[in-house]
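The values are calculated or read from the model by the stated rules, or taken from the named source; none is laboratory data. Worth saying up front: this structure is predicted, and the values here are computed from it rather than measured. Methodologically, a virtual Cβ is constructed for each residue, glycine included, from the backbone with ideal geometry; neighbour enumeration extends over all protein chains shown. SASA here: full protein model, heavy atoms, side chains in, ligands and nucleic acids out. Shrake-Rupley method; radii C 1.70, N 1.55, O 1.52, S 1.80 Å.
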Amino acid sequence: MSTTNAGLAKKLGYNNIRVFLAGEPAWSKAGYPVYASNGYVKNGNIVLIDLRTGGKAVDARIPRAIPLTYEQLEDRIDDIPRNAPVVLYSDNEEDVLDALEELRDEGFKSVSLVFGNFKGWVDSGGTVQKGPIFTTEIKWERKLGKGEVSVAEFRKATNGELKDVYVIDARTKEEIAELGIFKNTVNIPLDEIPKRVNELPKDKRIFVHCSTGARADLAYRVLIENGYDAKFLLLDISAPECDCPIIMPK
Amino acid sequence: MIKQTPIKMLLAILLVSLLSYGCAQDTTSSGQQSKPAAAQAQKQKENVFTGPIVGKSNKAKTISISVGKGDDAKTVMLRFDDKTTGLEHAEKGEAAIISWEQRGDDKFALSVKPKLAKLPEGVSEIKVDELYQLISAKTPMTLVDARPESRFAQAHLPGSMSIPVDELQEKKATVLPEDKNKLLIFYCGGYT
């Protein structure tokens with residue numbers, strides 16, 4: 001994308017163009033901070049943390065923010081899902097950069113900052129929330145991505161409650177021989193799906209799963225390419241959350 | 001080859017446009033849409049797929065790659081075996097060139113090579129440390145994030161502005177600085 005834009009800009013007569021090919025991932029990997037836009041801070045599916053000390057959050061805070069000082073954040077770090085995008089702000093640059101580094105080291109995939117911290121938010125016209133804070137509970141739920149089926153709906157299908165759904169297990173025959181297969185499910189290993197795609201019912205929705213969702217995602221793309229109404233389960237099926245009925249190997 | 005109906009193709013385009021955030025799949029399309037399409041068709045005749053890797057499964061021994069641009073974009077799945085070379089380049093999101101052969105019903109990958117981004121003439125690459133120094137020194141420049149706006153919203157470099165490719169194509173110089181000699185730096189989601 002950056003090279004495409006550079007090509008367009010060159011055609012438009014710009015003559016001092018450079019491209020940062022390694023891009024945002026390299027910038028973050030080098031430990032440098034990235035920033036969230038105000039709209040995302042306001043409406044994004046994020047965990048927003050106010051790092052300021054001395055109860056300043058009670059006086060005024062960015063709506064939805066959870067007040068946690070740097071020390072409290074260290075204690076509460078396992079309360080935040082690692083795949084949740086976290087946005088931080090404080091009233092001093094040092095605290096917010098320390099917390100950014102800590103969260104990245106802990107394996108958080110997306111950590112960004114409010115530009116200019118709390119003052120930057122207010123100065124750029126952001127609204128604030130005032131008054132006592134009754135809970136610092138962290139509630140965050142991942143939204144389903146494109147093509148994903150919810151665990152609840154998938155479970156219904158394996159329970160035989162959804163007659164319009166055909167469930168495929170894309171794991172290998174060896175994995176199924178060892179671990180069993182969900183009820184109301186047909187095993188078609190991922191590598192066989194392209195050549196066996198015509199075996200699938202055209203009048204049903206198709207759910208695909210594997211062990212973690214990686215192969216199911218790839219199988220889903222093959223099915224979509226072939227015109228099927230398909231979804232895939234992005235879940236470690238050994239997790240308690242899965243809770244689908246299994247036919248164990250004999 | 002799989003025959004595609006227009007609706008299937010639209011789905012494929014949507015999918016690819018939603019899932020591809022890298023750079024290199026666009027490297028050949030700097031304003032000349034017809035040439036890459038022709039080149040792509042030529043490449044496919046020679047049993048070569050070029051595009052971003054969608055995913056690889058070591059258990060199923062398959063590689064999925066997004067092939068073609070615009071109306072032709074679709075995801076193709078190939079099998080691989082112990083003789084396939086360069087599997088380390090078949091990493092999700094990396095742009096790759098896969099040569100393959102048909103064996104029965106299956107396409108088998110023979111080799112995977114990385115596809116390196118090509119910069120337009122007169123445009124130079126900037127590395128992370130130099131960019132950090134320029135930003136820290138408050139060097140006058142326009143820093144542009146070329147990714148989709150949603151990606152920019154979540155996390156962008158300090159002082160950058162969002163101009164996705166389609167916006168620049170549509171609005172042209174009106175979204176860029178007036179001074180054409182001013183330093184203009186573009187970035188996106190990595191080498192891919």
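Computed values, structure above
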item: For region A:33-142: lysine pairs under 23 Å (alpha-carbon distance), excluding those fewer than 8 apart on one chain; result: 11
item: Residue-averaged beta-carbon neighbours from other chains (10 angstrom radius) around A:209-215; result: 3
item: log10 of Debye I(q)/I(0), alpha-carbon scatterers only, for region A:33-142 at 0.12, 0.16, 0.18 Å⁻¹; result: -0.34, -0.63, -0.82
item: Distance histogram in 5 Å bins (all Cα pairs of region A:151-247, percent per bin); result: 3, 15, 28, 28, 19, 7, 1
item: Relative contact order (%) - chain A, alpha-carbon pairs under 8 angstrom, separation at least six; result: 15 percent
item: Projected area, mean over directions - chain A, Cα convex hull, nm²; result: 19.6 nm²
item: Greater than 29 Å apart at Cα, pairs in A:Lys11/B:Lys92; B:Lys61/B:Lys127; A:Lys173/B:Lys56; result: A:Lys11/B:Lys92; B:Lys61/B:Lys127
item: GNM result for chain A, Cα springs below 10 Å: residue of A:Ile49, A:Ile17, A:Ile237 fluctuating most strongly; result: A:Ile17
item: Apportionment of accessible area to carbon and sulfur, region B:128-187, percent (1.4 Å); result: 50 percent
item: Average Cα contact separation per residue, region A:151-247, under 8 Å, 6 or more apart, as relative contact order %; result: 32 percent
item: The protein assembly as shown: C-alpha gyration tensor shape, a/c 1.5 cut-off, then a/b vs b/c; result: oblate
item: Compactness of region B:49-130 - radius of gyration and Dmax, Cα, Å; result: 14.7, 52
item: Cross-link reach list, aspartates and glutamates versus A:Lys10, counting only Cα pairs under 12 Å and skipping chain neighbours closer than eight places; result: B:Glu121
item: D_trans [Stokes-Einstein, Kirkwood Rh over alpha-carbon pairs] for region B:137-192, 37 °C, 0.692 mPa s, µm² s⁻¹; result: 275 µm²/s
item: Nearest 10 degrees, 0 to 90: helix A:214-225 Cα axis against chain A principal axis; result: 70 degrees
item: Dipole-positive endmost among B:Gly190, A:Gln129, A:Ala57 within the protein assembly as shown (Cβ charges, Cα centre); result: B:Gly190
item: Chain A: most fluctuating residue of A:Leu113, A:Leu21, A:Leu234 per GNM, C-alpha cutoff 10 Å; result: A:Leu21
item: ³J(HN,Hα) computed for each position of region A:228-241 - Karplus, 6.51 cos²θ - 1.76 cosθ + 1.60, integer Hz, glycine/proline x; result: 7, 8, 10, 9, 10, 9, 9, 6, 6, 5, 7, 5, x, 4
item: Chain A: calculated mean residue ellipticity at 222 nm from DSSP helix runs of at least 4, using -39500 (n - 2.57); result: -9000 deg cm²/dmol
item: Size of electric dipole in region A:151-247: Cβ of Lys, Arg +1 and of Asp, Glu -1, about Cα centre, debye, nearest 20; result: 280 debye
item: Interface area, A with B, accessible, probe 1.4 Å, both sides summed, Å² nearest 100; result: 6200 Å²
item: Dipole of region B:50-192 [Lys/Arg +1, Asp/Glu -1 at C-beta], most positive-end residue of B:Gly55, B:Gly122, B:Gly159; result: B:Gly55
item: Which of B:His89, A:Tyr40, A:Val86, positive extreme of dipole for the protein assembly as shown (C-beta unit charges); result: B:His89
item: In Å², nearest 10: area of B:Ser136 left accessible to a 1.4 Å probe; result: 70 Å²
